[in-house]
1. Could we say that Ile318 is buried (at least 17 other Cβ atoms within 10 Å of the Cβ), at pLDDT below 95 and under 21 Å from Gly95 (Cα atoms) here?
2. Would you confirm, using the coordinates I've provided, whether Ser306 is of a type in the set (S, T, N, Q) and at pLDDT below 90?
3. Quick one: which of Leu374, Leu340, Leu352, Leu368 is touching a Phe, Trp or Tyr at 6+ places or on another chain (Cβ under 7 Å) and not small (Gly, Ala, Ser)?
4. So which of Gly360, Gly390 is in a helix (DSSP H, G or I) and of a type outside the set (A, V, I, L, M)?
5. Any residue in region 278-294 that's under 16 Å from Ala219 (Cα atoms): show its pairings with residues that are outside any helix (DSSP H, G or I) at Cβ separation under 7 Å, as long as the two are six or more apart or on different chains.
6. Looking only at region 387-399, decide whether some residue is of a type in the set (D, E, K, R) and over 30 Å from Leu60 (Cβ atoms).
7. Tally the residues that are in contact with a Phe, Trp or Tyr (Cβ under 6 Å, 6 or more places away or on another chain) and of a type in the set (Gly, Ala, Ser), restricting the search to region 33-92.
8. I'm trying to understand the selection: among the residues of region 76-115, which are within 29 Å of Ser278 (Cα to Cα), aromatic (Phe, Trp, Tyr) and crowded, with 20+ Cβ neighbours inside 10 Å?
Amino acid sequence: MTVIAGNERGGAPSAYSSGPAPLPSFRTPRPGAGRDRFLDVIRLFVMAMVVMQHWWLPVLAHEGGVLEMGSVLSAEGGFVLTWVVQVMPLIFFVGGAANLISWRSASGRGTSASDWFARRLRRLAWPVVPLAAVWIVASHVLFLSGVPIQPVLAAAGAAGMVLWFLAVYVLVVVATPLLVRAQERFGWWVPVALLTAAAVVDVTRFSTGAEWVGYLNVAFVWLGVHQLGFRYATGTIRLRYAAGMAAGGAVTALTLALVGPYSPNMTGVFAMDSSNVSPPTLVLAAAGVFQVGVAVLLRERISAWSERPGPARLLDRICPQLMTVYLWHMLPLSVVAGVLVFGLGIDTPDALTGLWLLWGVAGMVVLLPLVAALSHWAVRFENPPRSLSGSPGMVRVLIAAALVGGGMLTLTVSGVGVGDGPLLGLLAVLAGVALTKPAQNG
């Protein structure tokens, strides 16, 4: 994550000064002055919401060796929760700020685009290799030991689900240098154009019934929100712009959801039949604009809190492990759910009840120490081997990006369990990582 896409020094993304100084005439973003802990707070907030929704949204029951998986979203009014827990636009916003700062710093040192691509791809792809290997091996061991395959595949599918973000983020990384140049020339017109294109895609999709057209918004929606991170990193989201974004985004998202042909569901996690995430829609984009606007309006308060000694130490300790938390948290979550549902016969309580709230709180109390301990161990996999270094050239690195992105998408769809899909996905990611190493001459 970015959410998570890591920087070259290790850990999940953070913002360090290396870009142009912000304009001096406004009060909000000043990302040019040292580490911007505001972005760290957003990343930590997003990660907490991700872990919470992955525990709280599914409804699990065990009957005759079969795991029945439902969703809180099927309960009356459950869709309202998705408007609270859908915070992924914020991580693309943070990623935009981190990518612009990283790219400008690298290009200022004379680093080539292919070298920068290679470093970012390695940081995205390498941590997935041990994760997928552990899940694939564990799934086969459980299957061969006589454990019913259906719950194993359900857990492995949920673990693979989180990799959609990294698949999309490969596209974001490859597009960054081009979009930075576009921003330098056209400024605010770039995110406006991207989000306008998202609206055109939605109109085409709903007017023609061609659902496949909607997947073009994987680029337009996420790149549009990512571009807002560029605007933040250059200090051009002034307070009045942030207020307009918050108000306009909220009105647009709610209006479209109420009167348009859109699903009321804002997340694809254990979703109902449809959502505004798969494929992304203008509703999701508008919600992202609202979230970014609110975040910038609160920036001074958030930054003041984050610079206190206690919060600062907390952020410095936790933030470098957030990529690992994102990738690995489904493992302890699946173990805890398996023990409760299969081992103790305790099904998820009825959704949106007092007992369900108690289930969620108790589960988080148990899970947080497990996730913290696992992440502390698995963070060693964040950094690629030293043998993977240097510039492979533009042709090789673009092929590597295609393999890594395709491999991540395969693992997202197939899960990280038993079958050909997980193995093919893992091999594609490994091949992509290998291609980021320069070819040997002679």
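The values are calculated or read from the model by the stated rules, or taken from the named source; none is laboratory data. Keep in mind that what you see is a predicted model, and the values were worked out from it rather than measured. When we count neighbours, we look across all protein chains shown, and the Cβ atoms used for this are built from the backbone with ideal geometry, even at glycine.
1. Criteria met by Ile318.
2. Criteria not met by Ser306.
3. Result of the check over Leu374, Leu340, Leu352, Leu368: Leu374.
4. None of the others qualify; the one that does is Gly360.
5. Ser278/Gly268; Thr281/Tyr262; Val283/Tyr262; Val283/Asn276; Leu284/Met266; Leu284/Asn276; Leu284/Val277
6. Yes, region 387-399 has at least one match.
7. 1
8. Phe79, Phe92, Phe93
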